[in-house]
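Below: one structure, written as structure tokens.
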Amino acid sequence: PMTTPNIPPRTAAVIGCGKARDGKEGWAIGHAHAAGYLAADPHIRLLGVDVDPANLEAFGQAFGLPPENLFRSTAELYAAVVPDIVSICT
């Protein structure tokens, strides 16, 4: 029988999480990219990057992300992890 090695989940980073308005996502193509990644691979580790704390918080809440998956800059992201997939949604 074939065995599957223990492969860690892929990571996908969305850079530019979208404009948060009154707790709702506005013109946020990043949300559509994130939803697509999760639909394609429910085990993917989703990461968010945005300079605006409100946008980042709304993105994290929308996708149930822990704080360690949210970054205020790409420098902060790449210091922590090199993602397998990146969407630049700015």
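Each reported figure results from applying straightforward, stated rules to the coordinates on display, with no laboratory input. Values in this document were obtained by computation on a predicted structure and should not be read as measured data. Positions of Cβ are generated from backbone atoms using ideal geometry, with glycine treated the same way; all protein chains shown enter the neighbour counts.
If I stretch the segment between Q61 and E76 completely, what's the gain in nm (0.36 nm per residue apart, minus their alpha carbon distance), one decimal?
Difference between extended and current length: 3.4 nm.
Please state, rounded to one decimal and in Å, the Kirkwood hydrodynamic radius that region 44-90 gives when every pair of distinct Cα atoms enters the mean of 1/r.
By the Kirkwood definition, the hydrodynamic radius is 10.8 Å.
Between [x] 132; [y] 77; [z] 95, which matches volume of the Cα convex hull per residue in Å³ calculated for the structure shown?
[z]
Using a simple charge model, +1 on the beta-carbon of Lys and Arg, -1 on the beta-carbon of Asp and Glu, nothing else, what dipole does the chain show about its Cα centre, in debye to the nearest 20?
It comes to approximately 100 debye.
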